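A.B. asks: Please find one structure pasted underneath; my questions will follow.
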Amino acid sequence: MDRKSKRLLLLVVSCSISGVILGGTSAWAESKMCLSADSISSECLTKNPVEKTIQGMSTGLLAGAGAAFGAAWNLHHQD
């Protein structure tokens with residue numbers, strides 16, 4: 001594996017991990033706020049908070065990986 005491939009892999013992994021953390025935290029906080037709201041919606045009661053957190057984490061993973069590939073693509077074409 002050459003140096004550019006290692007740097008791209010490191011960028012994708014670090015952005016993906018950041019996306020997972022941010023997405024999971026955001027979804028968890030949203031479900032907690034939903035349950036503590038003055039008027040609770042039916043969606044709030046029927047949606048499993050763990051499932052919602054995992055969904056947020058997977059969305060963050062895809063967003064982080066996409067951002068990393070986009071940044072790498074942009075840098076590659078600027079050279």
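The values are calculated or read from the model by the stated rules, or taken from the named source; none is laboratory data. All values reported here derive from a predicted model rather than from experimental measurement. We place every Cβ from the backbone using ideal geometry, glycine too, and count neighbours over all the protein chains shown. Note: areas computed on protein heavy atoms with side chains; ligands, DNA, RNA excluded. Shrake-Rupley method; radii C 1.70, N 1.55, O 1.52, S 1.80 Å.
A.B. asks: Could you check D2 against (1) under 27 Å from A68 (Cβ atoms); (2) surrounded by 11 or more Cβ atoms within 10 Å (Cβ to Cβ); (3) at pLDDT below 90 and say which number it fails?
C.D. replies: That leaves (2) as the condition not met.
A.B. asks: Considering every residue within segment 46-58, establish whether at least one is open to solvent by 90 Å² or more (accessible area, probe 1.4 Å), free of Cβ contacts under 8 Å to residues at least 24 places away in the same chain and not acidic (D, E).
C.D. replies: Yes - at least one qualifying residue is present in segment 46-58.
A.B. asks: Give the residue that is farthest from L61 (Cα to Cα), with candidates limited to residues of segment 18-32 that are open to solvent by 60 Å² or more (accessible area, probe 1.4 Å) and among the β-branched types (V, I, T).
C.D. replies: Only one residue tops the list, namely T25.
A.B. asks: Step by step: first the residues of segment 35-45, then only those that are in a helix (DSSP H, G or I) and of a type outside the set (S, T, Y), then the one that is least open to solvent (accessible area, probe 1.4 Å). Which residue is that?
C.D. replies: C44
A.B. asks: Here is a check on your reading of the model: is S5 outside any helix (DSSP H, G or I), out of contact with any Leu (no Cβ under 8 Å at 6 or more places or on another chain) and small (G, A, S)?
C.D. replies: Criteria not met by S5.
A.B. asks: Residues A63, A72, A68: which one is open to solvent by less than 60 Å² (accessible area, probe 1.4 Å) and at pLDDT 90 or above?
C.D. replies: Step by step, each of A63, A72, A68 is checked, and only A68 is open to solvent by less than 60 Å² (accessible area, probe 1.4 Å) and at pLDDT 90 or above.
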